[in-house]
Structures are given as structure tokens and as C-alpha cells.
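Report on one structure; see the data block that follows.
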Amino acid sequence: MITVLLDKNRHDRNYFDCGVEELNNYLKLMASQQAKKDNTRAFILEDEERPERIIGFYTLTMTPIDLKALPVKLQKRHQSARSAGLIARLAIDQRYKNQGYGEWLLIDALRKLLLVSETVAFPLVVVDAKEGAIAFYKKFGFTPFNDTPHKLFMTIAAIRKSLVEAI
């Protein structure tokens, strides 16, 4: 499996349905525009038999971080940090759910962000979990911010360690 950048001429965005209208609409209406403006990048996992079909997608960008919302130990360690990598959206088409694609896409996103962090340093990866997705991210080691339970983070150091151990 491999992810590719969204190509509105190749990918059937209207067929995609993850069950969350906000995410469906983002993919259909906003993802290409946001990429052209260099605001986000949407990565697509295609169905191998029908590449125009989208199994799932995620978007990556950067986000400012509020150090006061982190545990004190991390506030001290990263006191000069101002931004983090952001997995802004991650969704799987309902027809492909419960087949491991969500986990695969999350790991793929973390690998991409880890690679980028080797060139442009940032200490954290943040996710903004939609309703019902908090447990999914916690299972992979994400921790909620002190002030916003649906917003979670993981340190680049923890990502590096977990991906190295997985190899």
C-alpha cells in the first residue's frame, strides 16, 4: 500500500463516504483548494483494483502550540517551540472500515511527519480527534492536551522510538 497526493482529476471524491459529513465535504470541496494554497496536503489511499476509489485519506499541515496546555515536563523541555505537525483529518470510507486502513494511514502520516521533522524541527504531532476517535488515537500513544480533551499530541521522540521498534 502507498499513499498519493489527492488528484481531483483522478480520484472520485463524490464516491467517498466516511459517515462524517464534515470530512466528506472537506474532501469533496476544500482539499484541492487548500493544497493549491499550500495550507494542507491531502494524502489518499487508493483501492488497488479501482484506483479512482478512495479507501481513506489524511491531511497534514502545521499548527501553533500553546505550551501551557502541555504537561509541565514538556513545557520546560520545549519552551522555545511554537509549532507542531498536525494530522488535521483522517477518515476511512465506510465500505473499507474495520480492515486496518485507519491504523495504516495513521502510521503513514506519522512516518511522513517524522521525516519532515528531520529537516524542519518541531517537537510534537497533534491530532484534532472527531467524535468517537479519541480512543483510537490514545491506543497509539497520543495524550490529550490539558485544556482540550479532543485535541491530542505525541512527541516526535516517542514517534521516532515507536517506529524504530516496529522495524
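Of the residues making up segment 48-67, just one is closer than 23 Å to residue 103 by Cβ, in contact with a Lys or Arg (Cβ under 8 Å, 6 or more places away or on another chain) and at pLDDT below 95, namely 51.
For first residues located in segment 119-139 and in contact (Cβ under 8 Å) with a residue 24 or more places away in the chain, partners that are polar (S, T, N, Q) and outside any loop (DSSP other than H, G, I, E, B) and lie 6+ apart or on another chain with Cβ distances below 7 Å form the pairs 122/83; 123/155; 124/155; 126/63. Only one of the listed residues (45, 60, 5) is in contact with a Leu (Cβ under 7 Å, 6 or more places away or on another chain), within 21 Å of residue 109 (Cβ to Cβ) and surrounded by fewer than 20 Cβ atoms within 10 Å (Cβ to Cβ). That residue is 60.
Restricting the first member to segment 99-116 and to residues that are touching a residue at least 60 places away in the same chain (Cβ under 8 Å), and the second to residues that are surrounded by fewer than 16 Cβ atoms within 10 Å (Cβ to Cβ), the beta-carbon pairs closer than 9 Å and six or more apart or on different chains are 104/1; 108/1; 108/2. Only one entry in 93, 128 is among the acidic types (Asp, Glu), under 26 Å from residue 39 (Cβ atoms) and within 12 Å of the chain's Cα centre (by Cα), namely 128.
The values are calculated or read from the model by the stated rules, or taken from the named source; none is laboratory data. No experiment lies behind these values; they were computed from the predicted model shown. Please note: Cβ atoms are built from the backbone with ideal geometry, for glycine as well, and neighbour counts cover all protein chains shown.
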